[in-house]
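Right, one structure below, let's go through it.
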């Protein structure tokens, strides 16, 4: 089931980029990010209440709170930078560079989470890097 959700995530991420590029025209990138964020917040809390998950908030550990907040700050910084780049650059160039996050995530997962970094992972990282360079040239 994770594969279905991962594919849907990729599809929605692609739609996000195209819809944002059209919607951001003539709009300050920070304002556009804030509008997008309000929609995401409303949608997220809607799903919490729809699935009756709100009671779990009291069970979240201090460590989880800290890392979820840090993750939220990283997401906000990413979105602000992404929208600014998308506003002043071509989507066909901004998006591939943004997707270098795959390579960075693999390296960070290896260093901090001690996940396996195999020859397959290395080859994939190199190919993604080369593919990105080719696409933005």
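The values are calculated or read from the model by the stated rules, or taken from the named source; none is laboratory data. Predicted model only: the values in this text are computed from it and were never measured. Because the Cβ atoms are built from the backbone with ideal geometry, glycine has one as well, and the counts that use them run over all protein chains shown.
Got at least one residue in segment 123-133 being within 25 Å of residue 24 (Cβ to Cβ), in contact with a helix residue (DSSP H, G or I) (Cβ under 9 Å, 6 or more places away or on another chain), assigned to a helix (DSSP H, G or I) and not assigned by TED's automatic domain parsing to the domain that holds residue 34? Quick ask: steps written out before the conclusion?
So the first thing to find is which residues in segment 123-133 are within 25 Å of residue 24 (Cβ to Cβ), and the list is 132.
With in contact with a helix residue (DSSP H, G or I) (Cβ under 9 Å, 6 or more places away or on another chain) added as a condition, the list becomes 132.
If we keep only those that are assigned to a helix (DSSP H, G or I) as well, we get 132.
Adding the requirement that they be not assigned by TED's automatic domain parsing to the domain that holds residue 34 leaves 132.
Checked against the condition, which is being within 25 Å of residue 24 (Cβ to Cβ), in contact with a helix residue (DSSP H, G or I) (Cβ under 9 Å, 6 or more places away or on another chain), assigned to a helix (DSSP H, G or I) and not assigned by TED's automatic domain parsing to the domain that holds residue 34, segment 123-133 yields at least one hit.
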Residue within segment 102-110 that is part of a loop (DSSP other than H, G, I, E, B), free of Cβ contacts under 8 Å to residues at least 60 places away in the same chain and under 26 Å from residue 80 (Cβ atoms) present: no
Test: residue in segment 51-70 that is surrounded by 15 or more Cβ atoms within 10 Å (Cβ to Cβ) and touching a helix residue (DSSP H, G or I) at 6+ places or on another chain (Cβ under 6 Å): no
Number of the condition not met by residue 27 [criteria: (1) within 27 Å of residue 113 (Cβ to Cβ); (2) outside any helix (DSSP H, G or I)]: (1)
